[in-house]
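> Encoded as structure tokens, here's the structure I'll be asking about.
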Amino acid sequence: MNSTLCTICMRGGSQGVKNKNYRLINGKPLMYYTIKQAVKSKLFENIVVSTDSKKILRYAKSYGAEGWFLRPKKLASNLSPKIPVIKHALRESEIYYKKKYDYIVDLDVTSPLRKIDDITKAFKFFLKKNADILITGVRSKKNPYFNVVEKKNGKIKKVLGSEKKISRRQDAPITYDMNASIYIWKRNILLNSKSLYESKTVLYEMPESRSIDLDSNFDLKLLKLLI
């Protein structure tokens, strides 16, 4: 029988929204929603929190997550990429629980609007496609082939060019914005990869209404209205 680990990563410090993991939304801290979704999905043998904060760890455990270690400082700065953090949580979990996991699912606390169905359906999609990695995303509002530009050497240029002339957004290739909601890996792929695009990666599409990624106080206001 396959074994699946859920990781939930939360730093004590946050830049965009101060103390975002504790911020109350409908009377519950932000972290509450993701932890409860993980528990209710019944997909995971273990739901493990990676944090550098004793306070976050205490809160998370009270909502049903597991945790016994604090993330090292080198993995807890503003510049720390996420994949090494998840690898660290996997290694700590395999030592602690004395087992090897087949799959790792990371749920981002900043995306509390996901439904339990999103988690279970994304996992089924991942298995059906025999993928190495799964990411979630939403169709882009602005298309980089049509109306996303950059300043380069004092000139304005489209971010992406196309072989054919595109005069309407509807004619541009479909693109997606990653919504930082759900990530899934096969164990060996996670341990040996440095990015999300080195292996067979698939995308599970989610609706715009469940794709807000908390990164600003404006996002926080939207979440309070929508959740």
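> Check I166 against each of (1) surrounded by 13 or more Cβ atoms within 10 Å (Cβ to Cβ); (2) at pLDDT 95 or above and name the one condition it does not meet.
So I166 meets the others, but not (2).
Rundown of residues vs (1) touching a strand residue (DSSP E or B) at 6+ places or on another chain (Cβ under 6 Å); (2) of a type in the set (S, T, N, Q); (3) part of a helix (DSSP H, G or I); (4) not assigned by TED's automatic domain parsing to the domain that holds I212, yes/no style:
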| site | (1), (2), (3), (4) |
| --- | --- |
| K99 | no, no, no, no |
| R114 | yes, no, no, no |
| N147 | no, yes, no, yes |
| K151 | no, no, no, yes |
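> Here's something else I'd like to know. Report every pair of residues separated by at least 6 positions or lying on different chains whose Cβ atoms are under 7 Å apart, first residue within the stretch 42-53 and in a loop (DSSP other than H, G, I, E, B), second surrounded by fewer than 19 Cβ atoms within 10 Å (Cβ to Cβ) and of a type in the set (A, V, I, L, M).
D52/L70; D52/A76
> Suppose we keep only residues that are loosely packed, with under 15 Cβ neighbours inside 10 Å and touching a residue at least 40 places away in the same chain (Cβ under 8 Å) within the stretch 92-101. Which one would you say is farthest from R187 (Cα to Cα)?
K99
> Which residue, of T7, T51, is more than 27 Å from K121 (Cβ to Cβ), at pLDDT 90 or above and polar (S, T, N, Q)?
Being more than 27 Å from K121 (Cβ to Cβ), at pLDDT 90 or above and polar (S, T, N, Q) holds for just one of T7, T51, which is T51.
> Suppose the filter is among the small types (G, A, S), touching a residue at least 12 places away in the same chain (Cβ under 8 Å), over 19 Å from L214 (Cβ atoms) and outside any strand (DSSP E or B); does A89 pass it?
Working: among the small types (G, A, S): yes; touching a residue at least 12 places away in the same chain (Cβ under 8 Å): yes; over 19 Å from L214 (Cβ atoms): yes; outside any strand (DSSP E or B): yes.
Here the answer is yes, as A89 does meet what is asked.
> Quick test of your reading of the structure: N2 fulfils all but one of (1) at pLDDT 95 or above; (2) within 17 Å of A122 (Cβ to Cβ). Name the failing condition by number.
The one condition N2 does not meet is (1).
The values are calculated or read from the model by the stated rules, or taken from the named source; none is laboratory data. Since the structure is predicted, the reported quantities are computational estimates derived from the model, not experimental observations. With ideal geometry, Cβ positions are generated from the backbone for all residues, glycine too; neighbour counts draw on all protein chains shown.
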